[in-house]
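Here's the structure, in structure tokens; my notes come after.
Each value in this text was obtained by applying a stated rule to the coordinates, not by laboratory testing. This is a predicted model, so every value here is computed, not measured. Reconstructed Cβ throughout: ideal geometry from the backbone, glycine too, with neighbour counts over all protein chains shown.
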Amino acid sequence: MKQATLHQLKVFEAVARHNSFTRAAEELFLTQPTVSMQVKQLTKAVGMPLFDQVGKRLYLTQAGEELVKTCRAIFNHLDQFEMTIADLKGLKQGRLRVAVITTAKYFIPRLLGPFCQRYPGIDVSLQVTNHEYILNRLSDNLDDLYVMSQLPENWDITYQQILENPLVVIAPANHPLAKEKNISLERLAAEPFIMREPGSGTRKAVQTLCDSHNLTLKVQLDLGSNEAIKQAIAGGLGISVLSRHTLALEGSTGQLTILDVEQFPIERYWYAVYPSGKQLSIVARTFLDYLLTEGRQVAEKTAARKTVGLGEASLNTTPSSEQYEEQKHHADSFSVE
């Protein structure tokens, strides 16, 4: 068999599939004598007959049946190899389409930077949108991967945890509770709250926690943007619960701080999602592997570093708690039920 060629195997498989030298020759654009010669040389290499001819019909021998199985296995492996090579070529000039929920904008672009530097030929399309539009895009299979923190129920999807998404209590840096430890939920419930819009994953997580302790928050303002909520907190309108990742860009001059509250942080996760049964391209698979390994490490280090720097700076450089009480009194007159 060491003398057998791939061309001979392809000719033999075609003859076996059609049970005809003539039809195999037509499929392969060869003459019938050439096909017969290739099969004869392969038979010699095997050392056993591959066909029995009864009248004008061909029948595979036992050796022939085993060789057909071997040929098809070889061809299948070669097809897989060709697809892999094609994907690897695409990796240098491919396209990656990623859609992420709004809050993920705080860390996904930071992870895409090193990835694109490593694979400069990849053209990245990043869609940042709300939960509803993410689900629409997922339903229409418009992207390679979707990053979200709230998994859709009763959807046929494949998902993997890629990063922790802890929810923390955020307050103005000059808040009276800023220096306290292990603040009770009852004490927290007495504060005016700014919340994400009804239906958001963050709001659902907070509501679940409060319901389990029979507490009702004083929600005075609903906002659909994390940036708007942070500005409202800094302006003294109240406190809120947001993903720790929303603080990643605050830096040392931030006016916000994380309160030390019992039952917090609430553990949540970011997920990479795609429709079940979808065959990820090598580009998408490479990016997913990156998110699960190096990307996760980069994001966690960045979030930890920014959060620590934020807390230290905010406690040392912001106004006093008396000024906060004045801001709070002013905010109460403009609160929205």
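Below, the figures for the structure above:
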item	result
Sequence of 149, 240 once ranked by neighbouring C-beta atoms within 10 Å, starting from the fewest	149, 240
Which of 155, 270 has the fewest Cβ neighbours within 10 Å, and the rest in rising order	155, 270
Per-peptide average of other Cβ atoms within 10 Å, ordering 106-112, 67-73 highest first	106-112, 67-73
Cross-link pairs 105/204; 181/218; 204/230; 69/89; 40/69; 181/230 - those with Cα-Cα distance over 25 Å	69/89
Mean separation of Cα contacts under 8 Å, 6 or more apart, over the residue count of region 183-254: relative contact order %	39 percent
